[in-house]
Amino acid sequence: MKPVEFSKDERAAATGKLRDYFARELDQELGQLPAEMLLDFIGKEIGGAFYNRGVRDAQQLVQQKADDIVEALYGLERATPTR
């Protein structure tokens, strides 16, 4: 699987959030380079699991919407007279 690629701004925001998390929750200072390395690790090693979950959630949503459309179309059908 191809690793997730972020724009410069997205990467800066993500590493900033990692650094803030480490400071707030773990009382640890995380430098910029280690934060970037951690982001790369997460993207490479576990990012695919999050991506796949998103794809499955999207598939389920699209299927629900398709089912709703089919149901609505059946509701538009008119009864035909029988002989």
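The values are calculated or read from the model by the stated rules, or taken from the named source; none is laboratory data. All values derive from a computational prediction rather than experimental measurement. Cβ atoms come from the backbone with ideal geometry, glycine included; neighbour counts cover every protein chain shown. In case anyone asks, the SASA skips ligands and DNA or RNA and just uses the protein heavy atoms, side chains included. Shrake-Rupley method; radii C 1.70, N 1.55, O 1.52, S 1.80 Å.
Side notes on the structure shown:
- Of the DSSP H helices in the chain, those whose Cα atoms cover at least 30 Å axially and whose Kyte score averages -1.0 or more: 47-76
- Heavy atoms of VAL62: accessible area, 1.4 Å probe, square angstrom to 10: 100 Å²
- Under 19 Å from LYS8, Cα to Cα: aspartates and glutamates that are on another chain or at least 8 residues apart: ASP20, GLU36, ASP40
- Partners of LYS2 within straight-line reach, counting lysines whose Cα lies under 22 Å from its Cα and excluding those fewer than 8 residues away in the same chain: LYS44.
- Percent carbon-and-sulfur accessible area, the chain, ignoring ligands, DNA and RNA, probe 1.4 Å: 56 percent
- Residue among ALA23, ALA14, ALA72 with the largest mean-square fluctuation in a Gaussian network model of the chain, springs linking Cα atoms under 10 Å: ALA72
- Our estimate of slack between GLN60 and SER7, defined as 0.36 nm per intervening residue step minus the Cα-Cα distance, is 16.2 nm.
- Loop trypsin sites (Lys or Arg not before Pro), region 16-78, which have at most 12 other Cβ atoms in a 10 Å radius of their Cβ (DSSP): ARG78
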